[in-house]
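First up is the structure itself, then whatever we jot down about it.
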Amino acid sequence: MIRCLLVGLIFFISINTVSAQPATNVVVSIRPIHSIVSALMEGVSEPRLLLDSNDSAHTFHLKPSQLKLLSNADLLITIGDSFESGLSKVIRNIDQNYRLNLSEIKELQIYDFRDHNEIEHDEHDEHDKDLHLWLDVGNVQIIAEKIKQRLIEINPSNKEKYNTNYLELKSKLNQLEEKIQFQLEPIKSTPFAIYADILQYFEKNFDLNKPVIIAPYHGARLSINRVIKAKNKMKNQKTRCLIYGSENTSKQINVLTEGLDIKAHSVDILGVKLEPGSEQYFDLMKEISNQLASCLE
């Protein structure tokens, strides 16, 4: 009887010790990466999304509630200092042991921005690297593995769950890539144009034509000369589609498409209108693919 009570007491204590373990506090800067982390942490805990509004990561200013999130984080996952430039001053003060800067992962394919030779030097002071790296499914596979390893380091008691979630996520990413390849195969050689150079990773992942690039980065000033050159290029190449970002105005797009037989579609590379969570990345990539297919067909 006493032995049974002791066994029961030990079992009860062990259960309460596990349940009393503090949750792993993971904070992620942008929605697509937050989605991947959510899938990896499924059944363990939920990561917190830092930039949960429509604000740009380039110009964002932290609120007190978000500063508190950072102060309690066991791990902060960001793209890179030159990408989340609006957070750079705060992020630099965070212990590197509590950070995962994705652009520093050596195995990733990271590209330079294109057509910088066409930009006046005083127009552009950002880093030359294009850090929209989540738009390549292969990159996300590598990112997921690195994040899984860091999660296991800070929360080894859930190693088995993280490994299981990672394998499921890897399979889903492979299926996503195959579906998008199939959808875009008939139109992958069709010429198109893009307002700012934001889809390079997506284009190369799915073997699309290099587009006519109107402005190589967000917020570039469009001179009359640049507009004329872009319109001539689109006309000569018989471009059927102009892709633009959510930050572009209808006036900007009308100036570029006036007099041309061309469709214009908007893409949101962060998916700010999509519900955050483990499905957000998949919904985002499908939405981009659907917009391109609709514009190019």
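The values are calculated or read from the model by the stated rules, or taken from the named source; none is laboratory data. If you're wondering where the values come from, they're calculated on a predicted model, not measured in any experiment. A quick note on method: Cβ atoms are made from the backbone with ideal geometry, for glycine too, and the neighbour counts reach across all protein chains shown. Keep in mind that these areas ignore ligands, DNA and RNA; they rest on the heavy atoms of the full protein, side chains included. Shrake-Rupley method; radii C 1.70, N 1.55, O 1.52, S 1.80 Å.
Can you pull out the residues in region 266-297 that are among the basic types (K, R) and either crowded, with 19+ Cβ neighbours inside 10 Å or in a helix (DSSP H, G or I) (or both)? Of everything in region 266-297, just one residue is among the basic types (K, R) and either crowded, with 19+ Cβ neighbours inside 10 Å or in a helix (DSSP H, G or I) (or both), namely K286. Quick check on region 251-265. Is at least one of its residues open to solvent by 80 Å² or more (accessible area, probe 1.4 Å), within 22 Å of H218 (Cα to Cα) and among the hydroxyl-bearing types (S, T, Y)? No, there is no match, as no residue in region 251-265 is open to solvent by 80 Å² or more (accessible area, probe 1.4 Å), within 22 Å of H218 (Cα to Cα) and among the hydroxyl-bearing types (S, T, Y).
Here is a check on your reading of the model: is Q141 polar (S, T, N, Q), closer than 20 Å to I30 by Cα and surrounded by 20 or more Cβ atoms within 10 Å (Cβ to Cβ)? No. Scanning region 191-208 for residues that are farther than 17 Å from K263 by Cα and in a loop (DSSP other than H, G, I, E, B) returns D197, I198, L199, F206, D207, L208. Here K129 fulfils each of the conditions (1) at pLDDT 95 or above; (2) within 27 Å of A220 (Cβ to Cβ) apart from (1). Condition check for K179 on (1) open to solvent by less than 30 Å² (accessible area, probe 1.4 Å); (2) modelled with pLDDT of 95 or more: one failure, at (1). Every condition in (1) modelled with pLDDT under 95; (2) in contact with a strand residue (DSSP E or B) (Cβ under 9 Å, 6 or more places away or on another chain) holds for I243 except the one numbered (1). Considering only residues that are more than 22 Å from the chain's Cα centre (by Cα), in contact (Cβ under 8 Å) with a residue 40 or more places away in the chain and part of a helix (DSSP H, G or I), which ones fall in region 138-185? Within region 138-185, I154, S157, N158, K161 meet the criteria.
So in region 189-233, with the set limited to residues that are under 22 Å from the mean Cα position of the chain (by Cα) and of a type in the set (D, E, K, R), which one is most open to solvent (accessible area, probe 1.4 Å)? That would be K210. Do the conditions hold for L292, that is, is it touching a Phe, Trp or Tyr at 6+ places or on another chain (Cβ under 8 Å) and under 16 Å from L208 (Cα atoms)? Yes; evaluated as a whole, the condition is true for this residue.
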